[in-house]
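So the structure is just underneath, and the comments pick up after that.
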Amino acid sequence: MEAAVNLKDTAYKFIKDKVLNCEFFPGQEISEKQIAETIGAGRTPVREALLMLQKENLIEIYPRSSTRAKRILPEETAELYQIRKLIEPTVAIKYKNQIDSIALLDFEKRFDAIKFNNKLEDERQFYALDIEFHQFIVDTPGNARLSYYFHEIMQDTYRVGILSMLQHRNSPRKDTQAEHRRIIRAILMEDDQEIEAAFIEHINHSLLSSLETLRNEENSD
C-alpha cells in the first residue's frame, strides 16, 4: 500500500512540475503510458495523479479521448485577476497589524537579491518567490479554504510567467520588484489607501503582461 502511495505521489509531483513549468505546454496532450515508463510506475498511479491534478485545474481529462495540460484562456485569466484585486488588498488592509514585519523585510531583501540574466532558472526562482509573497499575505487570516483557493489562482499566474519567458519577451521584473517594495512599505506604514493603490497597480500591470503573453501564444498557434 505504501509503495502504491509513493508511486502516486511521484507521478503527481512529476506531472505537476512539468505542467507548471510549461514542459507540458498548455493544451498539450499528456500520455499516461509515457509518464508511467519514465517514472517506472504502472498506469494506475499515473491515472490517480492526473485525477488529483484535474481537481487543481491543471489537467483537463476528456474521457475516451485525451488528457491535456489545461489551457490558459485570456478571459479566465482576466477573471482571476479581478478576484485577486478583491482579495489581496482587502486581506492586507484588514490584517495589516498581524503581518510579520520581519518576514516582509525578508521578502524585500530576497526580491532585491534576484539577478537579471534572462536564464530560465532565474525566472522560475523569481515567479516562485512572487507566488510565495502573495500567498504569504493571503495566508495571514488563517483561513484554509481561502488559502487553498488562492493557491490555485497563483499557479496559473506562475504558468503565464514561464510562458512569457519562453516567448523571449522582455522581462518586467525590475518594475515588479519596485511594485513589491511599494506593497511592503505600504503595509509596514499601515497606510490603507497606499496599500490598496499599491496592490491595484501591481495586479493591473501583471494582468496586462499576462494578457499580452496569452495573445502572443494564440497568434503563434
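The values are calculated or read from the model by the stated rules, or taken from the named source; none is laboratory data. Quantities reported herein were computed from a predicted structural model and do not represent experimental measurements. With ideal geometry, Cβ positions are generated from the backbone for all residues, glycine too; neighbour counts draw on all protein chains shown. Keep in mind that these areas ignore ligands, DNA and RNA; they rest on the heavy atoms of the full protein, side chains included. Shrake-Rupley method; radii C 1.70, N 1.55, O 1.52, S 1.80 Å.
Averaged across orientations, what area in nm² does the convex hull of the alpha carbons in the chain project?
Its average projected convex-hull area is 13.4 nm².
For LEU166 and ILE39 in one chain, what is 0.36 nm times their gap in residues minus the Cα-Cα distance, to one decimal in nm?
43.2 nm
Taking R0 as 22 Å, what FRET efficiency do you get between SER66 and ASN216 from their Cβ-Cβ distance, rounded to the nearest 0.05?
The calculated FRET efficiency here is 0.35.
Let me spell out the model: positive unit charges on the Cβ of Lys and Arg, negative unit charges on the Cβ of Asp and Glu, origin at the Cα centre of region 63-194. What dipole size does that give, in debye rounded to 20?
Computed charge dipole of region 63-194: roughly 560 debye.
Any idea how far apart ALA178 and ASP106 come out in nm if each label point goes 7 Å out from Cα toward Cβ?
2.8
Based on DSSP loop calls and a cut-off of at most 15 other Cβ atoms within 10 Å, the longest stretch of the chain free of exposed trypsin sites (Lys or Arg not before Pro) is what?
In the chain, the maximal stretch lacking such sites is 1-63.
Can you check what the Kirkwood hydrodynamic radius comes to for region 49-145, Cα pairs only, in Å to one decimal?
In region 49-145 this quantity evaluates to 16.4 Å.
Rounded to the nearest 0.05, what FRET efficiency is calculated for GLU121 and LEU51 with R0 set to 41 Å and r the Cβ-Cβ distance?
E(calc), rounded to 0.05, equals 0.85.
Per residue, how many Å² of accessible area does the chain show with a 1.4 Å probe?
Heavy-atom SASA per residue in the chain reads 54 Å².
Got a number for carbon plus sulfur as a percent of the chain's accessible area, 1.4 Å probe?
50
Skipping prolines and chain starts, which residues have an amide H placed within reach, meaning under 5 Å, of the one on ILE59, given they are 5 or more residues away or on another chain?
GLN54, LYS70
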